[in-house]
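Written below as structure tokens is the structure these notes are about.
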Amino acid sequence: MNARYSLNDMSVTGGYQKVTACCVENGKRTDQLDQVATEVAVALVFNGVSYAVMLASPLDLEDFARGFSLTEGIVDGVYQIYDVQVESTPQGFTVELNIASECFARLKEKRRNLTGRTGCGLCGTESLDQVLRSLQQIHPQRPIAADAINKALIDLPQHQLIQSVTGATHAAAWFDRAGSIRLIREDVGRHNALDKLIGAGLVMKGDAQNDWQNASGFIAVTSRASMEMVQKTVASGFSVLVAVSAPTQMAIDIASRHGLCLIGFARPSKWSIYNGVESILFK
């Protein structure tokens, strides 16, 4: 069930299941098959020690584990993750990661158990110091054309394969400077989708890897821009985050502090820039 999928692969095995539902329309009922998003418990285990249990879509779990490790500050780079193994269990999935000893020592100092709601990024956080982490300053990039963002927003829905079937998942996508999609991941949790995207980007090959490492382009998410979504984007090194829904005040503050261009309420030809207007090129 740890399926991988691409823009050209309509097979998303494990991302949804068929169920029987009673449909009521104009007072009349009919039974029909419906597709619902699959949601499972995913335990993340580092060097044999359980650290977090999240609810997620059972797709791209290796990507999820790598991205989560980076954006949660467990590792500083993918080079500190030596191995990732996914195991199916009756209760869900266990992802075993073997990480560098210095990262494991750091993890043990802030160990937490995140058993909780779908994509809940702060459940189980033990102190306020863990909420606002120390993050790198974003390196300024050449401005991105507004037309590229409009193009991305028009094209994004057609690449949301699981969403088109179930109506129940979020997506996080990487677009290049021209607004063409390079990579996308979906999940029932918005944080999870972004972690999966970042984790997939970390292990890309060839020119794609260079573009990802250089944070060329921008990230778009089909959710609100919470403080954690902003923190994860900053951790990835990208300088522009485009969110379909609203940002929070804390998200705007963090974006401003770290030099992230934050766009919210994003629709084709209409969106609001809450920080970093100089990162967008207008005609």
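Quick notes on this one:
- Matching residues, the stretch 104-129, being at pLDDT 50 or above and either assigned to a helix (DSSP H, G or I) or surrounded by fewer than 15 Cβ atoms within 10 Å (Cβ to Cβ) (or both): Phe104, Ala105, Arg106, Leu107, Lys108, Glu109, Arg111, Asp129
- For the stretch 86-103, the tally of residues that are surrounded by fewer than 13 Cβ atoms within 10 Å (Cβ to Cβ) and more than 21 Å from Glu39 (Cβ to Cβ) stands at 2.
- Any hit, the stretch 198-211, residues being touching a strand residue (DSSP E or B) at 6+ places or on another chain (Cβ under 7 Å), within 20 Å of Leu153 (Cα to Cα) and not small (Gly, Ala, Ser): no
- Of the residues making up the stretch 250-278, those that are outside any strand (DSSP E or B), closer than 27 Å to Asp76 by Cα and over 16 Å from the mean Cα position of the chain (by Cα) number 11.
- Unmet requirement for Gln213, which otherwise passes all of (1) farther than 19 Å from Leu59 by Cβ; (2) surrounded by 23 or more Cβ atoms within 10 Å (Cβ to Cβ); (3) not hydrophobic (A, V, I, L, M, F, W, C): (2)
- Scanning the stretch 23-47 for residues that are modelled with pLDDT under 95 and on the phi > 0 side of the Ramachandran plot turns up Asn26, Gly27.
- Identity of the residue in the stretch 138-182, β-branched (Val, Ile, Thr) and more than 15 Å from Glu278 (Cα to Cα), that ends up surrounded by the fewest Cβ atoms within 10 Å (Cβ to Cβ): Ile154
- Within the stretch 182-230, the residues that satisfy the criterion of being among the small types (Gly, Ala, Ser) and either free of Cβ contacts under 8 Å to residues at least 12 places away in the same chain or closer than 16 Å to Ser245 by Cβ (or both) are Gly189, Ala193, Gly206, Ala220, Ser223, Ala225, Ser226.
- Highlighted here are the helices (runs of 4 or more DSSP H) found entirely within the stretch 131-203 that include at least 2 residues which are within 21 Å of Leu260 (Cα to Cα) and either touching a Phe, Trp or Tyr at 6+ places or on another chain (Cβ under 8 Å) or among the acidic types (Asp, Glu) (or both): 146-155, 190-202.
- Just one of (1) in a helix (DSSP H, G or I); (2) modelled with pLDDT under 95 fails for Ala215. It is (1).
- Filter result (out of contact with any Leu (no Cβ under 7 Å at 6 or more places or on another chain) and surrounded by 13 or more Cβ atoms within 10 Å (Cβ to Cβ)) within the stretch 71-84: Thr71, Glu72, Gly73, Val75, Asp76, Gln80
The values are calculated or read from the model by the stated rules, or taken from the named source; none is laboratory data. Predicted model only: the values in this text are computed from it and were never measured. When we count neighbours, we look across all protein chains shown, and the Cβ atoms used for this are built from the backbone with ideal geometry, even at glycine.
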